[in-house]
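Nothing in this text is a laboratory measurement; each read-out follows from the coordinates by a stated rule. On a predicted model such as this, the values are computed, not experimentally measured, just so you know. Glycine gets a Cβ as well: all are built from the backbone with ideal geometry, and neighbour counts include every protein chain shown.
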Amino acid sequence: MSKWIPERPPYKKERRTVGFMALATFLLLFFCQLFMDQLPFSDIAWLTAPLGCVAFLLPAVAYLCFRGRGYTASLRLHFPRARCTPLMIAAFFALFSGCLLLSLLTGGMETLGNSVLAFDTARPETAWEAFLLLIGGAVLPALLEDFFFRGIVAVEYERRGAFRAVLMSTLLFALLHFDISNLLSYLYAGLLLSLVLYATNSLWATVILHVLYNVVSLVAQRYLNALYEYTGTVQLFLFIFVVMLLVSLLFFCRACARIYRMRDEQGFDDPRRAVPYNVQFHTVLDAISDPTVLLCIGLSIAGFILF
């Protein structure tokens, strides 16, 4: 048992201020969803879609001001290198096919598209409304969510290992959607995007992938339905996406291995990968048992019940 539950090593206690930012965002989004139906324009998707962006923007800006000048330098705000292109292509197909299959697994065939908003259901009446829906429902959420989770949250939790950063950013990302039916999809998406972040060392790489996924999910519902009708059987439809998932994950893993091998050959020393197991184990427990994180989990459970 000691192999899996090591003795707690001595280490300096952390100042986990990022939990307050996460809790503020959870509260804002919770109340946005709670009172959304009471808004006079609640049935206009291109107006309601950007409201959640404010819940990310306000706490993030406040936290950046709290951390002071120079903090954004640690957020990997540079574009991915050209050598990361194959990895990103494979990651996109793995993201889309994996989320689709998990959505079908938990919600059935009526969840094709796996998007809270879709053009077929939102019904924008003009090109301008369609553009606003695309920006507010796909681009801005992806930009702000990645800046929040794969940016600030990952940076704060990676101080004692990348494993904790991946775990906490993935968990909080999934819980913040208050959607129990698609929880597995959000966990998978958060994990894959976090892996892309560390493989490319670029926050913009995850933003690009997330935006592409949101846009495709927003417009692809009718085409997925058409493909399903064309295949004629559920088994063939699922087989196509299972093969897509397995092949894309294979290429993604190979691309990641190639990038990390090149870094090792170049002598790139990453201290986040050298944190001892016993330190990572107990710092993960410390992060999850943080009162602010426990309150976020409680709000998510309440959201699962209410929404």
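At a glance:
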read-out: Convex hull per residue volume in Å³, alpha carbons only, for the chain; value: 162
read-out: All-pairs alpha carbon distance profile, region 139-245, 10 Å steps from 0, percent; value: 14, 39, 29, 14, 3, 0
read-out: Histogram of C-alpha separations across region 171-307, 5 Å bin width, %; value: 2, 8, 10, 15, 17, 16, 14, 9, 5, 3, 1
read-out: Estimated [θ] at 222 nm from DSSP helical runs (n ≥ 4, -39500 (n - 2.57)) normalised by residues in the chain, nearest 500; value: -21500 deg cm²/dmol
read-out: GluC sites (Glu not before Pro), loop per DSSP, at most 16 other Cβ atoms within 10 Å - longest free stretch of the chain; value: 126-307
read-out: Shape call, region 50-90: gyration tensor on alpha carbons, a/c limit 1.5; value: oblate
read-out: Mean separation of Cα contacts under 8 Å (6+ apart) over length of the chain, as relative contact order %; value: 32
